[in-house]
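Data first, discussion second: the structure below is written as structure tokens.
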Amino acid sequence: MALIECPKCQKRISSQAKECSHCKVSLAGNTETLSKISHIQHSNKLMNHSLFCLTLFIGGAVAWFWGGEQAQGIQAIAAVSCFVIGFVGYLITRVRLVLHKRKSV
């Protein structure tokens with residue numbers, strides 16, 4: 001009895017198990033299709049995170065220069081926070097996406 005990865009949730013399970021004990025997916029059918037679907041769903045999730053962070057980044061830049069002048073006070077703090085969090089989040093998410101796409105299915 002060996003440990004294998006579940007094609008859906010990627011957690012370790014027994015090779016003799018009929019279904020995953022974590023996500024309850026049946027292992028009797030075609031597990032290659034489940035693996036591909038799971039890979040695509042994870043890619044889509046990372047793309048959504050990337051889009052959210054990019055939107056936050058752009059929103060911070062717009063808030064900083066809203067009205068033709070640089071922001072001051074609370075607006076400046078909020079704008080810079082959105083700008084920095086969006087930029088860092090976007091970079092991290094894109095690296096995760098590249099590493100995920102390099103992994104074979």
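State the number of lysine pairs found in the chain whose Cα atoms come within less than 13 Å, restricting to pairs 8 or more positions apart or on distinct chains. Present the calculation step by step, with values, prior to reporting the outcome.
Values: Lys8/Lys24; Lys8/Lys36; Lys11/Lys24; Lys36/Lys101; Lys36/Lys103; Lys45/Lys101.
Lysine pairs, 8 or more places apart or on different chains, close enough: 6.
For region 5-49, what % of the accessible area comes from carbon and sulfur atoms, probe 1.4 Å?
On the way: 1550 of 3110 Å².
Taking all protein chains in place, region 5-49 shows 50 percent carbon and sulfur surface.
Solvent-accessible surface of the chain, averaged per residue with a 1.4 angstrom probe and all protein chains in place: 73 square angstrom. The translational diffusion coefficient of the chain, from Stokes-Einstein at 37 °C and 0.692 mPa s with a Kirkwood hydrodynamic radius over alpha carbon pairs, comes to 199 µm²/s.
In sequence order, region 36-52 has phi-based couplings of 5, 4, 4, 5, 5, 5, 5, 4, 5, 5, 5, 5, 5, 4, 4, 5, 4 Hz under the Karplus curve 6.51 cos²θ - 1.76 cosθ + 1.60, θ = phi - 60°, and Gly or Pro positions carry x.
In percent, what relative contact order does the chain have, based on Cα pairs under 8 Å that are 6 or more apart in sequence?
Details: 114 pairs, mean separation 23.6, N = 105.
With pairs under 8 Å counted, the relative contact order is 22 percent.
Across region 25-34, computed HN-Hα scalar couplings (Karplus, 6.51 cos²θ - 1.76 cosθ + 1.60, θ = phi - 60°) run 7, 6, 9, 7, x, 7, 7, 5, 5, 4 Hz from first to last residue, x flagging Gly and Pro.
Mean residue ellipticity, 222 nm, helices only, the chain: the sum of -39500 (n - 2.57) across DSSP H runs of n ≥ 4, divided by residue count and rounded to 500, is -22000 deg cm²/dmol. Taking Cα atoms only, the orientation of helix 74-102 departs from the longest principal axis of the chain by about 30 degrees. Rounded to the nearest angstrom and listed largest first, the equivalent-ellipsoid semi-axes of region 44-105 from its Cα gyration tensor are 30, 9, 7. Phi angles across region 13-24 convert, under the Karplus curve 6.51 cos²θ - 1.76 cosθ + 1.60 with θ = phi - 60°, into 3J(HN,Hα) values of 9, 5, 6, 9, 6, 7, 8, 6, 6, 8, 10, 6 Hz, Gly and Pro given as x. Cysteine residues of the chain whose C-beta has no other cysteine C-beta under 4.7 angstrom: Cys53, Cys82.
Most tightly packed first, judged by the mean number of other beta-carbon atoms within 10 Å of their residues, the peptides 58-66, 21-29 read 58-66, 21-29.
The values are calculated or read from the model by the stated rules, or taken from the named source; none is laboratory data. This structure is a prediction, so every number in the text was calculated from the model and none was measured. Note that each Cβ is placed from the backbone with ideal geometry, even for glycine, and that neighbours are counted across all protein chains shown. For accessibility, only protein heavy atoms count, side chains too; no ligands or nucleic acids. Shrake-Rupley method; radii C 1.70, N 1.55, O 1.52, S 1.80 Å.
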